[in-house]
Amino acid sequence: MASLFNFLKTFAIRKRKMRILARGEVSGHAHVLVKGKFISRKGKSYVRSTRRRPAVIRHLHEQAYVLTGQEIATGEHGDIVLLPGKYEVVQQLEYDPVTGINRWVWD
């Protein structure tokens, strides 16, 4: 029974991690898709929002959300409600003129 519980717990954590669209590596927050459909195809990720089921992105404390599913808002900004459509999820890059390289944006 314990192994089934551990499997279900691990599965739930993995499922919650998939709904994280962006991480705040410095502050420990995450932008999480709490409503709407998450789609992964051919190495790309998408969010679908419809009039009946609008997608909502919430700014949450990442560790609490991933480990327990608790939606503890950071208070930095409100929910982002997406208009109906299909959105590609991309990791933002920035150019560093000092080093001459592109790097992932850290929040």
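A short reminder: the numbers here are calculations on the coordinates, not readings from a lab. Every value quoted in this text rests on a predicted model; they were computed, and no experiment measured them. Positions of Cβ are generated from backbone atoms using ideal geometry, with glycine treated the same way; all protein chains shown enter the neighbour counts.
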## Note on the structure
Listed by chain and number, the lysines with an alpha carbon less than 25 angstrom from that of K86, same-chain partners under 8 positions apart left out, are K15, K17, K35, K37, K42, K44
### the stretch 2-104 - charge dipole about Cα centre, Lys and Arg +1 at Cβ, Asp and Glu -1, debye rounded to 20
880 debye
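Can you sort S49, S40 so the residue with the fewest Cβ neighbours within 10 Å comes first?
Sorted ascending by nearby Cβ count, the order is S40, S49.
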#### Entry: Which labelled figure in [x] 14, 36, 34, 14, 2, 0; [y] 13, 27, 15, 14, 16, 10, 4, 2, 0; [z] 12, 42, 35, 10, 0 is P(r) over Cα pairs in 10 Å bins from 0, in percent, once derived from the coordinates
[x]
### Summary
Farthest towards the positive end of the dipole of the chain, among A73, A30, Y87 and with Cβ unit charges of +1 on Lys and Arg and -1 on Asp and Glu, lies the Cα of Y87
